[in-house]
């Protein structure tokens, strides 16, 4: 029995952010969610680049034996494009994006995943997360150091360990699975999964509402839960293509990718799904592309943005905002769960306001360092830039290796020569 995707994509900027760094695409053969990072100038661009590269796959039906290869190649191309953009504009260094993508060939789907966006599958009585988070807290869970419940409230739960950054080693997890009529997929950024409980997500997905209404409900729940981050979801039903209600064939794009493609112009008049998908590529422009409604109505969203801006101006003031932006250009080395980490910001708090956050956590254990270096990291080591932090981290790694080698010979770490 021939099957098809019946899909809906939605995205909302969230309650705190001023711009949307998420992007998503839903089409007849392809579903993608990308959550960008790297600040206003980088995160939205990175996710849009990933979407623009992957949309070329949403053409005619693919052969089952080739979908995994095609999906991996498209993700690699997206990663190369991000790397090229960083080379052309060094100020974008540090930008990256998660990617969670599903490519269909009849009743078989290939799944590619990197980062902490998620994919869930509802199939009969079974509801499962079919991706594995590439995040710091997930590593702690995998090692048995914290529980799943503790992970959901961990202060570093948004710290990712693998994303597309343009580096050669940025490769996704890939899997393949069978699907059947009645299945429902959910792809989402951590703006949903980080603030709405898994049981609640399952309950909403099991409702008899269509993909659009279900996606709207999930966005609303995330916002009611106080989600400060961007929230993006794709809900997709696997349906009988011969059913009375025809599934959509027009691609939907939301978030940053929608804004980027809106800035282009096109002369194409083709209305096939393949042409509409191709129109999202960087070298072409969109033709008759449906822009899915982003969460709440435009009027309500505009009021929310205006209210947020006024609140910032009234409460913090221009001076405080400038000061905060300055702190985010500062870096230092500090301790995080017994390891050396790179932090952005200042190593102090103002009341309940934390002026720093970890950028990355290394594999260097504090116990592998000499007393002097260990105390330095514990008390924080200021550095001039992110590059300087990476260089200091490399030096500490070399010191840690010497310490471990000396320990095997029975020498105290503190006596290891430089």
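A few remarks follow.
- Single residue of region 198-230 satisfying the filter (touching a residue at least 24 places away in the same chain (Cβ under 8 Å) and in a loop (DSSP other than H, G, I, E, B)) that is farthest from residue 115 (Cα to Cα): 210
- Region 365-410, subset touching a residue at least 60 places away in the same chain (Cβ under 8 Å) and closer than 20 Å to residue 93 by Cα, residue farthest from the chain's Cα centre (by Cα): 393
- None of 27, 14, 42, 59 is crowded, with 23+ Cβ neighbours inside 10 Å and within 25 Å of residue 104 (Cβ to Cβ) except 27.
- Among the candidates 144, 166, residue that is over 19 Å from residue 35 (Cβ atoms) and out of contact with any strand residue (DSSP E or B) (no Cβ under 6 Å at 6 or more places or on another chain): 144
- Where strands (runs of 3 or more DSSP E) sit wholly within region 113-195, those with at least 3 residues that are buried (at least 19 other Cβ atoms within 10 Å of the Cβ) occupy 118-123, 184-188.
- Residue that is nearest to residue 211 (Cα to Cα) [pool: residues in region 240-253 that are at pLDDT 90 or above and buried (at least 18 other Cβ atoms within 10 Å of the Cβ)]: 252
- Flag for residue 377 being modelled with pLDDT of 85 or more and part of a helix (DSSP H, G or I): yes
- Residue match in region 94-104 (condition: surrounded by fewer than 24 Cβ atoms within 10 Å (Cβ to Cβ), in a strand (DSSP E or B) and touching a residue at least 40 places away in the same chain (Cβ under 8 Å)): no
- Strands (runs of 3 or more DSSP E) (entirely within region 1-73) containing at least 3 residues that are over 21 Å from the mean Cα position of the chain (by Cα) and either modelled with pLDDT of 95 or more or farther than 17 Å from residue 175 by Cα (or both): 3-12
The values are calculated or read from the model by the stated rules, or taken from the named source; none is laboratory data. As the structure is a computational prediction, the values presented were derived from the model and not from experiment. Heads up, the Cβs are rebuilt from the backbone with ideal geometry, glycines too, and the neighbour counts pull from every protein chain shown.
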